[in-house]
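Asks: Dumping the structure here so I can ask a few things about it.
Just so it is clear, none of the values below were taken in a lab; they were calculated from the coordinates. Quantities reported herein were computed from a predicted structural model and do not represent experimental measurements. Here the Cβ positions follow ideal geometry from the backbone for every residue, glycine too, while neighbour counts run over all protein chains shown.
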């Protein structure tokens with residue numbers, strides 16, 4: 001074969017190879033561009049776009065008057081991409097004006113080589129509009145849980161951790177409050193990082209529903225600060241105060257403190273041996289079973305009774321007395337001797353019917369049942385111990401509800417802390433109605449025990465809970481504290497439960513103090529807290545009381561006409577929530593969220609002088625330099641309403657110092673320029 005023929009053959013082979021390669025490339029191109037086009041487009045979209053969740057605003061929690069106590073607070077984070085900014089000077093000026101920051105902070109992102117610089121801090125919604133369209137500046141929305149009353153209700157409310165409720169109402173009503181997250185598509189750069197501002201909302205989020213509590217924020221303030229004052233005065237480690245409506249079972253205030261912790265909820269989860277405060281239930285069981293009457297006599301001897309190898313003693317022996325008087329003076333010997341008439345089954349069922357040893361059913365997590373052993377597990381000493389409040393573990397909530405049964409005529413109510421649940425638009429989807437658990441005793445028995453408890457306050461161990469206006473029925477208790485089944489030397493629980501007005505009870509107030517120092521008896525330490533709480537509630541502008549019923553009772557009991565008229569007039573007023581303050585026992589003031597009532601020399605709360613009810617003009621004092629809490633106390637003492645929103649010291653007031661004001665006027669406490677001052681110390685979660 002000639003050389004020319006070989007060259008031609010090689011050329012034909014090479015051409016065939018190129019044709020094959022070209023055909024393969026053409027087929028591959030057709031396959032990619034036509035056959036697999038949709039698949040690769042989807043992959044490209046997946047690499048450069050991602051789907052994200054838009055957090056939903058958590059639903060609001062409100063008190064019974066509609067005052068928000070927990071809500072989602074919308075804030076914004078501002079970030080700068082320096083390499084995208086064209087006019088640096090103008091951008092810095094906009095940041096300074098919109099964010100209220102120093103120029104040095106606004107220049108900082110441009111003095112670094114970083115491509116993305118978040119500015120420190122969180123900013124209000126207004127910055128979104130102020131910085132909209134500014135090239136290189138990105139504003140991102142965040143939701144944070146906000147508690148306007150700070151730590152005041154945190155034990156009841158719980159908290160939000162990692163977007164989910166933890167404890168309290170936040171946990172119990174998680175499904176209602178959490179809302180439904182939305183969906184968005186975010187653009188990503190070549191390294192997979194989200195590109196700020198490049199987002200598209202696919203499905204908007206739906207806000208959570210609302211929960212309305214039975215709690216009254218103003219009464220909660222009163223209870224909290226009355227308790228705090230008691231801890232300061234007695235040196236107690238902790239304590240609890242509950243205010244309930246015995247007719248409906250609604251909890252109006254629930255304050256618990258322990259070792260300085262305000263998130264403690266001992267009212268539900270810290271059972272204790274109640275001591276003498278349990279004696280009214282023993283007496284009610286004696287009356288209900290027909291084993292005794294209040295007139296039955298008992299000989300307490302020298303104040304000692306030996307029973308089953310144990311000696312029961314009285315602090316002060318009443319000698320030969322009747323059951324009513326034995327209850328009023330809290331005779332251990334008298335109550336235990338007469339309780340010996342009950343069979344173990346009767347005694348056990350009587351206490352159990354009052355709700356002891358069983359959960360109350362409150363809509364909060366963490367409640368404990370306490371302890372009440374069945375008669376089969378009793379010792380020979382158990383009947384006498386149970387009669388006077390030992391060998392039984394109760395929670396403050398159980399005791400408050402049990403006293404509510406005596407107050408309302410003999411029916412144990414289920415405690416309610418939730419009034420209703422609403423959807424995001426505020427429409428009621430579920431209302432929680434009062435629910436009676438059982439009838440414990442007859443109305444006649446409840447009335448007889450109430451009359452004896454009035455005597456306990458008027459002439460017995462509860463004298464320091466006595467009001468000068470309305471009769472109070474109540475009982476004190478003092479019991480030894482124990483840890484791990486062993487009684488702690490020199491450690492006691494002091495408690496007092498009272499309800500008023502005794503003739504037609506509207507409120508039950510229960511107080512328990514943990515290990516008060518010095519004078520530790522319940523009548524000396526817990527009873528004054530009950531009295532201060534009741535007086536402060538009576539003095540408030542719009543308490544959850546039937547003022548007309550109180551006014552009618554005041555007239556029947558010959559209470560001064562001016563007070564009766566003020567009570568009736570107040571019942572006709574339509575007032576919104578106001579800041580309130582509780583009275584101290586010595587006639588001063590305990591920092592609370594209330595109007596002050598004033599006292600006469602005799603220590604009587606004069607309702608006619610309560611802020612907003614009497615019209616007396618005076619000059620507004622100069623409060624500059626005061627802490628907001630101290631300023632609020634002083635203004636409340638003058639019957640004025642206070643507004644605040646931040647923690648800074650007071651720099652000015654609206655109206656200014658020296659301006660003429662009258663009780664009921666609203667005064668704003670102002671902090672540094674542009675930042676109003678507040679003693680509320682709100683917290684974020």
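Asks: With r as the distance between the Cβ atoms of residue 183 and residue 368 and R0 = 51 Å, compute the FRET efficiency 1/(1 + (r/R0)^6) and round to 0.05. Numbers along the way, then the final one.
Replies: Numbers: r = 42 Å, r/R0 = 0.82.
Efficiency at R0 = 51 Å is approximately 0.75.
Asks: How much length is gained if the chain between residue 343 and residue 67 is pulled fully straight, taking 0.36 nm per residue apart and subtracting their Cα-Cα distance, in nm to one decimal? Working shown, then result.
Replies: Values: separation 276, 0.36 × 276 = 99.36 nm, distance 5.05 nm.
This chain segment gains 94.3 nm when fully extended.
Asks: Say each of residue 548 and residue 666 gets a label point 7 Å from the Cα, pointing the same way as Cα to Cβ; how far apart are those two points in nm?
Replies: Result: 2.9 nm between the two label points.
Asks: Please order 316, 224 by the number of other Cβ within 10 Å, starting at the fewest. Please list the in-between numbers first.
Replies: Details: 316 11, 224 27.
Fewest-to-most ranking of 316, 224: 316, 224.
Asks: Using Cβ counts within 10 Å as a stand-in for footprinting exposure, how do 60, 254 rank, fewest first?
Replies: Details: 60 22, 254 31.
Listed from fewest to most nearby Cβ atoms, that is 60, 254.
Asks: Before anything else, pin down the relative contact order of region 378-519: Cα pairs under 8 Å, at least 6 apart, normalised by residue count, whole percent. Don't skip to the answer; put the middle values down first.
Replies: Details: 223 pairs, mean separation 27.0, N = 142.
19 percent.
Asks: Please work out how much length the chain gains when fully extended from residue 200 to residue 141, using 0.36 nm per residue of separation minus the C-alpha to C-alpha distance, in nm with one decimal. Spell out each step's value before the answer.
Replies: Values: separation 59, 0.36 × 59 = 21.24 nm, distance 1.43 nm.
Extra length from residue 200 to residue 141 when fully extended: 19.8 nm.
Asks: When the convex hull of the Cα atoms of region 136-284 is projected onto a plane and the area is averaged over all directions, what value comes out in nm²? Before the final figure, lay out the partial values.
Replies: Details: hull surface 57.8 nm².
The orientation-averaged projected area of the Cα hull of region 136-284 comes to 14.4 nm².
Asks: What residues of region 334-371 lie in the reach of a label at residue 428, counting those whose backbone N is under 16 Å from a point 7 Å from the Cα along Cα→Cβ?
Replies: No residues fall inside that zone.
Asks: Could you list 214, 183 so that the one with the fewest beta carbons within 10 Å of its beta carbon is first and the one with the most is last? Kindly include the intermediate steps, with their values, before the conclusion.
Replies: Working: 214 23, 183 14.
Neighbour counts put them in this order, fewest first: 183, 214.
Asks: Taking Cα centroids, how far is region 116-193 from region 363-422 in Å?
Replies: Each part reduced to its Cα centre gives a spacing of 41 Å.
Asks: Follow-up. Show me the three semi-axes of the equivalent ellipsoid for region 53-209, from the C-alpha gyration tensor (sqrt of 5 times each eigenvalue), largest first, rounded to whole Å. Show your work: numbers first, answer last.
Replies: Working: eigenvalues 237, 75, 32 Å².
Ellipsoid half-lengths, sorted descending, are 34, 19, 13 Å.
Asks: So how far, in whole Å, is the C-alpha centre of region 83-112 from the one of region 272-333?
Replies: 79 Å
Asks: Apply 1/(1 + (r/R0)^6) to the Cβ-Cβ distance of residue 161 and residue 9, taking R0 = 56 Å, and write down the FRET efficiency to the nearest 0.05.
Replies: Values: r = 81 Å, r/R0 = 1.45.
That pair, residue 161 with residue 9, gives E of 0.10.
Asks: Compare the peptides 99-108, 202-211 by average per-residue count of other Cβ atoms within 10 angstrom and give them in order, highest first. Write out the running numbers ahead of the final one.
Replies: Numbers: 99-108: 15.0, 202-211: 18.5.
Packing proxy ranking, top to bottom: 202-211, 99-108.
Asks: Right, something else. What is the spin-label model distance, in nm, from residue 24 to residue 480 if the labels are put 7 Å beyond Cα along the C-beta direction?
Replies: Each label point is offset 7 Å from its Cα along the Cβ direction, giving 9.7 nm.
Asks: Counting pairs of alpha carbon atoms under 8 Å apart in space and at least six apart in sequence, what relative contact order in percent does region 220-539 give? Walk me through the numbers before you get to the answer.
Replies: Values: 773 pairs, mean separation 73.0, N = 320.
With pairs under 8 Å counted, the relative contact order is 23 percent.
Asks: If you count, for each residue, the other Cβ atoms within 10 Å and average over each peptide, how do 323-329, 358-364 line up from highest to lowest?
Replies: Details: 323-329: 23.4, 358-364: 18.3.
So the order, starting with the most tightly packed, is 323-329, 358-364.
Asks: For residue 293, project a label point 7 Å along Cα to C-beta. Then give me every residue of region 316-336 with its amide nitrogen under 14 Å of that point.
Replies: Zone members listed by number: 322-324.
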